[in-house]
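The values are calculated or read from the model by the stated rules, or taken from the named source; none is laboratory data. As the structure is a computational prediction, the values presented were derived from the model and not from experiment. When we count neighbours, we look across all protein chains shown, and the Cβ atoms used for this are built from the backbone with ideal geometry, even at glycine.
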């Protein structure tokens, strides 16, 4: 599959499977309408022809400001088919984002989703001296009087998606095979996309990814993420992120179909029931919401149903742990555990097998049906999957394989294979990638020792766009990319991550602390929705904790604690004591935490963190923003 471009791969799959559905999207009635590979490829060629008719050529950069929808795919593939590169971002992009991205990337044209995106551009038009041509998915009247009050609309020439398709069809008729010839000219070293990172550190960088960066991963990924021709995968994530983008390329390489849905519980579950997908790629927060939803539903049911559920989940967790030991699916760091664990766990595994089988019939099977009758595998990426969530899905028989990567590695470095997933790890690196763990002096570390994850391979980015200085800071002369992540290897070569190097908190006593494992442990409490651990240059750790409103109010009602509002409830001594107990029960020596890793003080927050405010679009905590937004609460935490 190497030495080709993504549009050339689409062409190959179309020739082999022309009538298989490539996309399923809803019509006005909410019914899913399939679009075959043949139809999709034809639209891609026509979109490409439309771009050529506008004078857009090989090497140009075209903005792509839209959310995940079938037209996004046609536009992106069409842009790449003529040797141009897309510069993507979602509809949640701010005006400042668009100024930074479209202007810095020197885009002369942009594809936008709707009127709202146009307004962002219009209000800042002096910042876009090169941008002249706009293509819109959801058309509107550019001569609208209200729009004219926001800027000079005459500066832009606008076409609808359908107009570009029509222009492209006419271009292809007038210039037979011209688009196909452009497609064939494409080489795998050409830049396919420039993705500006979401910026958890505050400085977005344009990651230049070639077709080769993506293509080299696909053969290996098809052995770890199992999907067959004609099957379906549900897609809900922002496609401008490299994780979702590569997932869609895996779907393409498997000749399967994409089902477009929304990451909203009621919509997603209804769409799963309608379409029965085999694959569900998602981020940890969505898997957490599924987990939380199941437990809340059982709590509301109450009585014997809840007791049976709790009992069989406990059995499932116990049985799954020993089953993994017997099968060698728990991580090993010394050789002798490969021999001793199966022996020690064999009897507990056998003794709990009948109870586990009963729980499967009475409880687990009913939960699994919510994911559809064809569900085979979930993939979690874009962040760390909390261990308790991982263990729960394993216990109930739902296969969720965790992957790891960065935008700079296009993005996959490793992923647990469906056939032999090792719990708590992110699998072995892909065959196109080499990973080593090093200390602060660059010395490679042995198995089990925590250090910086260094990555080298054909999936590593070309460079940061127009920022050679930033490129040189992360890629050394031997081609090793410094991920900034902390992790270690198992005896068999699987990777385990432990947070970001830049997130490391150093206390006044010199103790180095990784906040992510503590935050993930705190979020195992049903009362804690989100947590941020703080303490840089302080004597001890503190935490900002977003309280789960439903759980806290339910507890207050049971205990007869009255308050006029949720904010007032959170300052009640009884509620503060509840959280003290929750924190103490989770962050302690028994759970592997050192004395200096304990949370000495905390502040309760009523309002959940939001994407674009405290969270990046990938739902990562933007710590540099937290310290500004919550400076008063943080000052109080560490006041003497």
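Only one of 39, 97 is part of a helix (DSSP H, G or I) and surrounded by fewer than 19 Cβ atoms within 10 Å (Cβ to Cβ); which?
Working: 97 fails: surrounded by fewer than 19 Cβ atoms within 10 Å (Cβ to Cβ).
Matching residue, one of 39, 97: 39.
Quick grid of which residues meet (1) modelled with pLDDT under 95; (2) in the same structural domain as residue 445 (by TED's automatic domain parsing); (3) farther than 26 Å from residue 416 by Cα:
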site: 300; (1), (2), (3): yes, no, yes
site: 310; (1), (2), (3): no, no, yes
site: 321; (1), (2), (3): no, no, no
site: 330; (1), (2), (3): no, no, no
Condition check: buried (at least 22 other Cβ atoms within 10 Å of the Cβ), free of Cβ contacts under 8 Å to residues at least 40 places away in the same chain and more than 25 Å from residue 384 (Cα to Cα). Does residue 345 satisfy that?
no
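Does at least one position in region 446-462 carry a residue that is assigned to a loop (DSSP other than H, G, I, E, B), under 30 Å from residue 294 (Cβ atoms) and either free of Cβ contacts under 8 Å to residues at least 60 places away in the same chain or not assigned by TED's automatic domain parsing to the domain that holds residue 545 (or both)?
No, region 446-462 has no match at all.
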Hey, any hits in region 401-418 for a residue that's out of contact with any strand residue (DSSP E or B) (no Cβ under 8 Å at 6 or more places or on another chain) and surrounded by fewer than 18 Cβ atoms within 10 Å (Cβ to Cβ)?
no
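Looking only at residues that are in a loop (DSSP other than H, G, I, E, B), out of contact with any helix residue (DSSP H, G or I) (no Cβ under 7 Å at 6 or more places or on another chain) and buried (at least 19 other Cβ atoms within 10 Å of the Cβ) in region 218-240, which one is modelled with the highest pLDDT? Steps first, please.
Step one: filter region 218-240 for residues in a loop (DSSP other than H, G, I, E, B), giving 225-231, 236-240.
Right, trim to out of contact with any helix residue (DSSP H, G or I) (no Cβ under 7 Å at 6 or more places or on another chain) and you get 226, 228-231, 240.
Next cut, buried (at least 19 other Cβ atoms within 10 Å of the Cβ) only: 231, 240.
On the way: 231: 99, 240: 93.
Filtering first and then ranking leaves 231.
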Can you name the residue in region 497-528 that is modelled with pLDDT under 85 and assigned to a strand (DSSP E or B) and, of all such residues, is farthest from residue 424 (Cα to Cα)?
506
Of the residues in region 595-623 that are surrounded by fewer than 14 Cβ atoms within 10 Å (Cβ to Cβ) and farther than 16 Å from residue 528 by Cα, the one that is modelled with the highest pLDDT is 595
Applying the selection to region 585-612, what residues are outside any strand (DSSP E or B) and closer than 21 Å to residue 566 by Cα?
606, 607, 608, 609, 610
Given (1) over 21 Å from the mean Cα position of the chain (by Cα); (2) surrounded by 24 or more Cβ atoms within 10 Å (Cβ to Cβ), identify the lone condition not met by residue 73.
(1)
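Of the residues in region 358-379, how many are within 27 Å of residue 224 (Cα to Cα) and in a helix (DSSP H, G or I)? Spell out the reasoning first.
Step one: of region 358-379, the residues within 27 Å of residue 224 (Cα to Cα) are 360, 364-379.
Going one step further and asking which of them are in a helix (DSSP H, G or I), we end up with 360, 364-371.
Number satisfying all stated conditions: 9.
Here is a check on your reading of the model: is residue 531 in contact with a helix residue (DSSP H, G or I) (Cβ under 9 Å, 6 or more places away or on another chain) and in a strand (DSSP E or B)? Steps first, answer last, please.
On the way: in contact with a helix residue (DSSP H, G or I) (Cβ under 9 Å, 6 or more places away or on another chain): yes; in a strand (DSSP E or B): yes.
Yes: the conditions hold for residue 531.
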Kindly provide the set of residues from region 417-433 that are out of contact with any helix residue (DSSP H, G or I) (no Cβ under 8 Å at 6 or more places or on another chain) and either within 15 Å of residue 405 (Cα to Cα) or in the same structural domain as residue 455 (by TED's automatic domain parsing) (or both), ordered by number.
425, 426, 428, 429
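Against the condition surrounded by 14 or more Cβ atoms within 10 Å (Cβ to Cβ) and at pLDDT 95 or above, how does residue 576 come out, does it pass? Reasoning before the result, please.
On the way: surrounded by 14 or more Cβ atoms within 10 Å (Cβ to Cβ): no; at pLDDT 95 or above: yes.
The answer is no for residue 576.
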Is it the case that some residue within region 469-481 is in contact with a strand residue (DSSP E or B) (Cβ under 7 Å, 6 or more places away or on another chain), surrounded by 19 or more Cβ atoms within 10 Å (Cβ to Cβ), assigned to a strand (DSSP E or B) and in contact (Cβ under 8 Å) with a residue 24 or more places away in the chain?
yes
Under 19 Å from residue 98 (Cβ atoms), surrounded by 12 or more Cβ atoms within 10 Å (Cβ to Cβ) and at pLDDT below 95, is that true of residue 135?
no
Subset of region 482-495 (residues that are surrounded by fewer than 19 Cβ atoms within 10 Å (Cβ to Cβ) and in contact (Cβ under 8 Å) with a residue 60 or more places away in the chain)
490, 491, 492, 493
Which number in (1) surrounded by fewer than 17 Cβ atoms within 10 Å (Cβ to Cβ); (2) farther than 16 Å from residue 455 by Cα marks the one condition that residue 530 misses?
(1)
Taking the condition of being in contact with a helix residue (DSSP H, G or I) (Cβ under 6 Å, 6 or more places away or on another chain), closer than 12 Å to residue 256 by Cα and assigned to a strand (DSSP E or B), how many residues in region 8-27 meet it?
2
